[in-house]
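> One structure follows; several queries about it will come next.
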Amino acid sequence: MAKIVAEHLKYKYPLSEKLALYDISFTIEPGEFIGIIGENNAGKSTLCQAMVGIVPNFYKGAYGGKVLIGDMEIAKSNISDICKKVGIVFQNPFNQVTGCKLTVYEEVAFGLENMGLPRSEMIDRIDYSLKLLDIYKYKDRNPFDLSGGQMQRMAIASIIAMRPEVIILDEPTSQLDPQGSEEVFRAVQNLSREGITIIMVEHKMEKIAEYSDRVMLLHEGKLIAFETPEKIFSRDDLDCYGVTAPAYTRICKSLGIKNKKTGFYPVTLEETKSLIGFSEKERCPYDQN
Amino acid sequence: MIHKLDPNSKIIYIFVANIAPALIGARMATASFILISIVILTIGKVLHKTAPMLEFSGLILLTVAIIQGIFHQGNTTVAFALGSVVFYKEGLMFALGIALNVINILMSFSILVLTTKPSDMVETFVHMGLSPRLGYVMSSVFQIIPQMTKTMATITDAQRSRGMETEGKLKTRIKAFFPLISPVVMNSLISTKERAIALEVRGFGSKQKKTFLNDLQKTRYDDIFRFVLILILILSIFWRVLIWLK
């Protein structure tokens with residue numbers, strides 16, 4: 001499994017005056033779940049694209065420092081080689097459909113065909129990833145006839161099938177309805193359990209707090225902090241960076257409830273419940289859950 | 001049954017149907033291949049789809065017949081005359097030859113085009129060595145263009161809901177067309193960029209030799225079909241050699 005290391009990464013888009021990424025350094029261990037947060041134009045997407053080589057190989061522009069995936073240096077490799085190690089899923093599920101395949105099954109096969117895999121291996125991998133994302137039942141449908149959530153899961157399945165060691169999700173649920181987002185989050189959680197390194201940009205802070213091992217806070221292209229969610233969301237200066245902490249953290253902050261062990265405010269529902277001594281027995285007797 | 005044939009067999013048919021008559025050098029050969037094509041198209045239940053194509057080319061072939069019938073260089077034998085316009089036999093026969101060849105080419109290509117799924121056809125071409133990029137362009141046309149039409153309809157609806165007149169007189173419709181261009185063009189440019197990136201991260205630019213999910217299914221019929229075709233080709237080469245040796 002590959003470690004991701006960024007060393008003094010700087011990047012400026014062509015035709016732009018400002019640096020999109022300014023001197024970013026970090027290390028991500030294999031198997032970690034990393035959340036990336038920050039306001040719009042903070043450089044979240046650019047950072048994601050810098051880890052797959054779209055920056056600088058697709059966009060060109062001025063580039064400094066380096067990003068290493070294992071021992072592969074991104075700026076000096078082809079996207080077609082990097083994509084075997086790092087997969088990326090974008091915001092708009094619609095624009096990730098290749099448009100040259102007629103069924104979901106063939107769509108997922110696209111990346112594998114390009115990798116030159118033998119047919120039997122392809123079938124194994126496609127079946128596995130379609131089942132993992134729970135869309136095997138739609139395998140004969142036209143990709144464009146799926147709902148947003150299904151389409152996004154298909155996009156994730158297409159990446160999974162390529163067996164990358166790292167998966168980057170750039171706001172995978174921003175264009176989906178609550179049900180669709182829930183489907184995607186559940187799928188991502190499954191992947192994380194499989195031991196794949198996951199890097200996710202997301203605006204739903206509750207989700208970030210729930211899943212992430214560590215959270216990266218970006219602001220105007222700079223890396224402000226890279227800490228555990230508790231530490232990040234307990235910061236007093238979050239609003240300066242245009243980030244709102246999860247609802248639980250905000251409530252506990254105003255009530256002054258801190259986790260005595262860590263000294264930080266709780267970030268998830270479960271943690272909050274245990275802190276205020278909420279008993280499971282108080283539940284409504286008719287509640288199915 | 002015809003639909004299930006391997007596209008490669010159909011390509012072989014096109015090749016043989018056009019080469020064999022040229023080797024044999026008789027109009028009867030061309031005519032019989034046209035007949036075979038018609039039979040195959042009828043079995044495939046797509047004969048009626050060739051009608052628009054034949055109507056169009058028929059018009060051109062008719063002008064060829066008229067011009068050649070009147071002005072062909074070797075015209076000597078009078079066939080018939082319409083008033084002062086005289087048609088000659090040689091010219092008409094020459095035009096008949098051209099017509100048979102054109103119809104033969106059209107019919108044999110129709111078998112491939114009308115009885116094969118477009119995606120299968122493109123895949124066969126890529127198998128045969130067409131660049132995957134060009135193949136992508138060809139097959140994405142069938143999916144992306146309808147999607148673009150859909151986007152355009154959405155944008156028209158949005159503009160109409162804000163009070164723009166898009167229906168009625170020709171002038172109104174032309175006027176309504178211009179505000180449509182920039183959102184549609186911008187929209188497709190943006191989605192094209194995003195799609196290009198999405199293709200790129202799935203290894204589309206890879207130098208590796210591509211493999212294919214769909215196995216081209218060669219059936220028993222393919223073998224029989226190909227065997228007969230090759231036989232015809234060999235026989236016609238044989239025939240040509242015999243003529244030369246005389």
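The values are calculated or read from the model by the stated rules, or taken from the named source; none is laboratory data. The structure presented is a predicted model; accordingly, all values stated were derived computationally and were not measured. Please note: Cβ atoms are built from the backbone with ideal geometry, for glycine as well, and neighbour counts cover all protein chains shown. Accessible surface is based on the protein model in full, side chains and every heavy atom, while ligands, DNA and RNA are left aside. Shrake-Rupley method; radii C 1.70, N 1.55, O 1.52, S 1.80 Å.
> Heavy atoms only, probe 1.4 Å: what % of the accessible area of the stretch B:130-200 goes to carbon and sulfur, would you let me know?
69 percent
> Further question on the same structure: Under a 1.4 Å probe, what is the accessible area of chain A per residue, stated in Å²?
Normalised by residue count, the accessible surface of chain A is 44 Å².
> Subtracting the Cα-Cα distance from 0.36 nm times the residue separation, let me have the gained length for A:ILE251 to A:GLU227 in nm, one decimal.
Gain on extension, A:ILE251 to A:GLU227, equals 6.5 nm.
> Could you work out the mean projected area of the convex hull around the alpha carbons of chain B, in square nanometres to one decimal?
22.6 nm²
> Then there's this: On the principal axes of its Cα set, how long, how wide and how thick is chain A? Give whole Å, largest value first.
Its Cα atoms span 57, 54, 32 Å along the three principal axes.
> Based on the Kirkwood radius over alpha-carbon pairs, what is the Stokes-Einstein translational diffusion coefficient of the protein assembly as shown at 20 °C with 1.002 mPa s viscosity, in µm²/s?
76 µm²/s
> Then there's this: Please express the Cα-Cα pair-distance distribution P(r) of the stretch A:173-289 as a list of whole percents, one per 5 Å bin, running from 0 to the bin with the greatest distance.
2, 10, 18, 19, 19, 18, 10, 3, 1, 0, 0
> Please report the net charge: other residues with Cβ closer than 13 Å to the Cβ of B:PHE109, K and R +1, D and E -1.
+2
> Let me ask something additional. How far apart, in nanometres, would the label points at B:VAL241 and A:ALA62 be if each is projected 7 angstrom from Cα along the Cα-to-Cβ direction?
Placing both labels 7 Å along Cα→Cβ, they lie 7.3 nm apart.
> Next up: Find the centroid of the Cα atoms in the stretch A:59-86 and in the stretch A:1-18, then give the distance between the two in whole Å.
Answer, in whole Å: 10.
> Please give the per residue accessible area of the stretch B:130-200, computed with a probe of 1.4 Å over protein heavy atoms only, in Å².
Result: 67 Å² per residue.
> A follow-up question, please. Measure off, as a whole percent, the carbon and sulfur share of the 1.4 Å-probe accessible area of the stretch A:14-99, all protein chains present.
Roughly 48 percent, rounded to a whole number.
> Averaged over peptide A:72-79, how many Cβ atoms belonging to another chain are found within 10 Å of each residue's Cβ?
Going residue by residue through A:72-79 and averaging, the value is 2.
> Show me, bin by bin at 10 Å from 0, the whole-percent P(r) of the stretch A:138-221 based on Cα pairs.
15, 50, 29, 6, 0
> How would you order A:265-274, A:99-108 from highest to lowest mean count of nearby Cβ atoms within 10 Å?
Result, highest mean first: A:99-108, A:265-274.
> What are the lysines whose alpha-carbon lies under 29 Å from the alpha-carbon of B:LYS171, with same-chain residues fewer than 8 places away excluded?
Hits, sequence-local ones excluded: B:LYS150.
> Along Cα→Cβ, 7 Å out, is where each label goes; now give me the distance between the ones at B:VAL39 and A:PHE144 in nm to one decimal.
With each label point 7 Å from Cα toward Cβ, the separation is 4.0 nm.
> What's the FRET efficiency of A:GLU182 with B:GLU167 using the Cβ-Cβ distance as r and R₀ = 56 Å, to the nearest 0.05?
0.85
> Using 7 Å Cα-to-Cβ label points, what is the B:ARG160/A:ASP237 separation (nm, one decimal)?
Each label point lies 7 Å from its Cα, and together they span 5.4 nm.
> Whole-Hz ³J(HN,Hα) for each residue in the stretch A:6-21, computed from phi via Karplus 6.51 cos²θ - 1.76 cosθ + 1.60 with θ = phi - 60°, x for glycine and proline: what do you get?
Coupling constants for the stretch A:6-21: 10, 10, 6, 6, 10, 8, 10, 5, x, 6, 10, 8, 8, 6, 7, 10 Hz.
> Of the peptides B:129-142, A:238-251, how do they stack up when ordered by the mean number of other Cβ atoms within 10 Å, highest first?
Per-residue Cβ counts within 10 Å, averaged per peptide and sorted highest first, yield A:238-251, B:129-142.
> What average count of beta carbons from other chains do you get within 10 Å of the Cβ of residues in A:116-129?
The shielding value for this peptide is 2.
> Taking amide H atoms as placed 1.01 Å from N in the peptide plane, list the residues 5 or more away in sequence, or in a different chain, whose amide H sits under 5 Å from that of A:ILE224.
A:LEU217, A:LEU218, A:HIS219
> Please report the buried accessible area for the interface of B with A, total over both chains, probe 1.4 Å, in Å² to the nearest 100.
3200 Å²
> While we're looking at this one, here's another question. From the alpha carbon gyration tensor of the stretch A:188-257, can you work out the equivalent ellipsoid semi-axes (sqrt of 5 times each eigenvalue) and give them in Å, largest to smallest?
Semi-axes (√(5λ), whole Å): 22, 16, 10.
> Further, regarding this structure: Averaged over its residues, how many other protein chain Cβ atoms are within 10 Å of peptide A:100-106's Cβ atoms?
Mean shielding by partner chains, rounded to a whole number: 5.
> Would you please give the FRET efficiency between B:LYS193 and B:MET53, computed as 1/(1 + (r/R0)^6) with r the Cβ-Cβ distance and R0 = 30 Å, to the nearest 0.05?
0.20
> Can you give me the convex hull volume of the Cα atoms of the stretch B:130-200, divided per residue and expressed in Å³?
101 Å³
> Looking at the calculated P(r) for the stretch B:33-74, what percent of the C-alpha pair distances fall above 14 Å?
Looking at the stretch B:33-74, the distances longer than 14 Å represent 62 percent of pairs.
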